[in-house]
Amino acid sequence: MTIDLSTLPAVVPNWVAGKAVVSASPRRLPVHAPATGKVIAEVPLSSAADLDAIVEAATVAQRAWAHVPVKERVQVLFRFKAMLEERLDELAEVCSLENGKTLPESRASVAKGIECAEFATSLPQLVAGRVLEVSRGVECQSARHPVGVVAGITPFNFPAMVPMWLFPLAIACGNAFILKPSEMTPLCSIEMAKMMKECGLPDGVLSVVNGDREIVEAICDHPGIKGVSFVGSTKVAKLVYARAGAKGKKVRALGGAKNHLVVVPDADPEMTATNILASFTGCAGQRCMAASVVVAVGDVQPILDRVAELARAIVPGRDMGAIISPAAHQRISGYIDRAEKQGLKIVVDGRKAKSEGDPNGSFLGPTIIDGTPPEHECACDEIFGPVLNIVRVKTLDEALAIENANPYGNAAAIYTTSGGVAHYFAERANAGMIGINIGVPVPREPFAFGGWFDSKFGDGDITGEQAIDFWMNTKKITTKWSDKHRSNWMS
């Protein structure tokens, strides 16, 4: 299908108390389609006053929503899941339009979001309290309660999926949720808010506020918001964690990554080559789980040659999506330019790739840089584009030392046909998500998504069972009744 642009808002509204409300803010940004460079909408950058109105409506709605039994709350999400499945292609089209992904990539990202919504429907089985008679006539009980009004700040790279990591479960837990999407990709969020209303969600339980740094700071500071979940760069994650945490909020902030794929000589050649290619070119490399460095252990040249061969066959605009903006394209190309000037070998040069996309689109082909020193900026910085660096070592322990020296701890993977080698690596690699012959080791629900070190700030992971603890507070109740027939020392 093809998106009818007339059905999308020319000026992107906020979603307040179940209605589309355009911010009165005079500050506005154009929303570009990365694949064409065309302006597809305009987004007002909301003010603190806009947020005040949203929090006020959300606070009233949350008080009532918290008292709806959890089995009734999740019925909305059952309907939402069914609607997502029915309209998957439609939402994927919007995602591709505003983000530049290929349509298959957008479909896959919506499908992952559906999985998270499905997990949220299982909440009644996951939050049942415990009661234990701890002594004669004395009981201890635990009960889960929602945090209150909470917020999620999400990035441009997955405008449908990452919000669905957050709001279905947060809402199922009894919270009112305020979503602040990236100002570069605001359209999917409004579409999903409309869908949730169609599914019967009470007005005010889900809100959307558009904006930039000003509204992020307002979210961190607002006394009516009790919890903040963030996904983005490490630099901003640290700022959000510090600022919102200083206000006494629950905070969980996911940052960037520098993921290493280790290839050893016994790796399956074709599976390894195709998997590495998919890892570093998928979503044009604009994901925190993308391969960024291949650490080649010993003689694995035939595998690396095959990766290069496959990379040269990729046509941007046909096989790979666009870079989010011309500024991002320039930044990524700058890394390649400097590496070339410094004498590194550019095995595959994406700057010269021919595109089947619009000439005004931000397309960059796969790029492979060989002989990269472990301390080089290309081996250390999160480039966030389809750029793969090859670092060569002699032993697996050298490879592990390189992986474990990097400040991030999001993902690490190894390619091997040896169970012993895989186990050795998995035990010693310092990352929150480990792949064995998988270059993008995103866990499936109920296993949780989350890294370590500079890839995550705050407790718990962002999806799965650990996320429930973030969106809920636990109350402990101890009860004693007079019972002279069952008394003991505690009585």
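Against the condition of a type outside the set (Phe, Trp, Tyr), under 18 Å from Gly365 (Cα atoms) and in a loop (DSSP other than H, G, I, E, B), how does Arg287 come out, does it pass? So Arg287 passes the test. In region 309-324, the residue that is surrounded by the fewest Cβ atoms within 10 Å (Cβ to Cβ) out of those that are touching a helix residue (DSSP H, G or I) at 6+ places or on another chain (Cβ under 9 Å) and among the small types (Gly, Ala, Ser) is Ala311. A count restricted to region 358-373 and to residues that are in contact (Cβ under 8 Å) with a residue 40 or more places away in the chain and more than 29 Å from the chain's Cα centre (by Cα) stands at 1. Residue count for region 64-88, restricted to those that are surrounded by fewer than 13 Cβ atoms within 10 Å (Cβ to Cβ) and either out of contact with any Pro (no Cβ under 8 Å at 6 or more places or on another chain) or within 16 Å of Ser207 (Cα to Cα) (or both): 5.
Among all positions in region 290-297, there is no residue which is out of contact with any helix residue (DSSP H, G or I) (no Cβ under 8 Å at 6 or more places or on another chain) and in a loop (DSSP other than H, G, I, E, B). Scanning region 126-167 for residues that are assigned to a loop (DSSP other than H, G, I, E, B) and without any contact (Cβ under 8 Å) to a residue 40 or more places away in the chain turns up Ala128, Gly129, Arg130.
Summed over region 68-92, residues that are part of a helix (DSSP H, G or I), under 17 Å from Asn175 (Cβ atoms) and without any contact (Cβ under 8 Å) to a residue 12 or more places away in the chain total 1. Within region 288-308, restricting attention to residues that are of a type in the set (Gly, Ala, Ser) and either at pLDDT 95 or above or not assigned by TED's automatic domain parsing to the domain that holds Ile402 (or both), which residue is surrounded by the most Cβ atoms within 10 Å (Cβ to Cβ)? If we take residues in region 288-308 being of a type in the set (Gly, Ala, Ser) and either at pLDDT 95 or above or not assigned by TED's automatic domain parsing to the domain that holds Ile402 (or both), then Ala290 is surrounded by the most Cβ atoms within 10 Å (Cβ to Cβ). Taken as a whole, the condition of being closer than 19 Å to Glu86 by Cα, basic (Lys, Arg) and in the same structural domain as Ile54 (by TED's automatic domain parsing) applies to Lys197.
Looking at region 102-126, which of the residues that are closer than 19 Å to Ala66 by Cβ and surrounded by fewer than 18 Cβ atoms within 10 Å (Cβ to Cβ) is nearest to the chain's Cα centre (by Cα)? That would be Leu126.
When the residues of region 273-328 are filtered to those that are under 30 Å from Pro30 (Cα atoms) and of a type in the set (Ser, Thr, Tyr), the one that is nearest to the chain's Cα centre (by Cα) is Thr281.
Can you confirm whether Leu396 is over 30 Å from Asn175 (Cβ atoms) and either buried (at least 21 other Cβ atoms within 10 Å of the Cβ) or within 23 Å of the chain's Cα centre (by Cα) (or both)? So Leu396 does not fit the description; no. So, in region 334-350, how many residues would count as being touching a strand residue (DSSP E or B) at 6+ places or on another chain (Cβ under 7 Å) and either among the charged types (D, E, K, R) or in contact (Cβ under 8 Å) with a residue 60 or more places away in the chain (or both)? Qualifying residue count, region 334-350: 3.
For (1) aromatic (Phe, Trp, Tyr); (2) surrounded by fewer than 24 Cβ atoms within 10 Å (Cβ to Cβ); (3) at negative phi; (4) in contact with a Ser or Thr (Cβ under 9 Å, 6 or more places away or on another chain), each residue gets a yes or a no:
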position	(1), (2), (3), (4)
His222	no, yes, yes, no
Ile225	no, no, yes, no
Val264	no, yes, yes, yes
Gln286	no, no, yes, no
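Pairs meeting the criteria (first residue in region 15-36 and touching a residue at least 24 places away in the same chain (Cβ under 8 Å) and closer than 23 Å to Leu206 by Cα, second residue assigned to a loop (DSSP other than H, G, I, E, B) and among the hydrophobic types (A, V, I, L, M, F, W, C), beta carbons under 6 Å, at least 6 apart or on different chains) are Ser25/Leu45.
Consider Ser355 carefully, then state whether it is in contact (Cβ under 8 Å) with a residue 24 or more places away in the chain and within 27 Å of the chain's Cα centre (by Cα).
no
When you look at Thr36, is it outside any helix (DSSP H, G or I) and among the β-branched types (Val, Ile, Thr), yes or no? For Thr36, the condition - outside any helix (DSSP H, G or I) and among the β-branched types (Val, Ile, Thr) - is met.
The values are calculated or read from the model by the stated rules, or taken from the named source; none is laboratory data. Just so it is clear, the model here is predicted, and its values are computed rather than measured. For neighbour counting, all protein chains shown are included, and Cβ atoms are generated from backbone atoms with ideal geometry for every residue, glycine included.
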